[in-house]
1. Considering only the stretch 12-34, state which residues are in contact with a helix residue (DSSP H, G or I) (Cβ under 8 Å, 6 or more places away or on another chain) and farther than 19 Å from Phe49 by Cβ.
2. Just one of (1) modelled with pLDDT under 90; (2) over 25 Å from Ala54 (Cβ atoms) trips up Thr2, so point out which.
3. Among the residues of the stretch 1-48, write down those that are part of a helix (DSSP H, G or I) and among the β-branched types (Val, Ile, Thr).
Amino acid sequence: KTADAINQHLSQWLRKFPRHFFKSITFDNGKEFAGWREIVNQFDLHTYFAEVGAPNQRGLNENNNGLLRRDGLT
């Protein structure tokens, strides 16, 4: 994925919700999130970045991974 693709998909997804439905967003430190300012400014979100080597700070990602592991899908 590229930064442009991520921004496009995030923008499409966030438009489905009422403005200010989300107050913050947490990004990983990958280069695909290089365009984070555009999303944050467009949707008025607070931004956080997970620390390197701390995947537990990306709660939804880790929760979904745990569910997939328990269901035997990975």
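The values are calculated or read from the model by the stated rules, or taken from the named source; none is laboratory data. Just so you know, these numbers come straight off a predicted model, no measurement behind them. Cβ coordinates were reconstructed from backbone atoms using ideal geometry, including for glycine residues, and neighbour counts include every protein chain displayed.
1. Arg19
2. For Thr2, the failing item is (2).
3. Residues satisfying the conditions are Ile6, Ile39, Val40.
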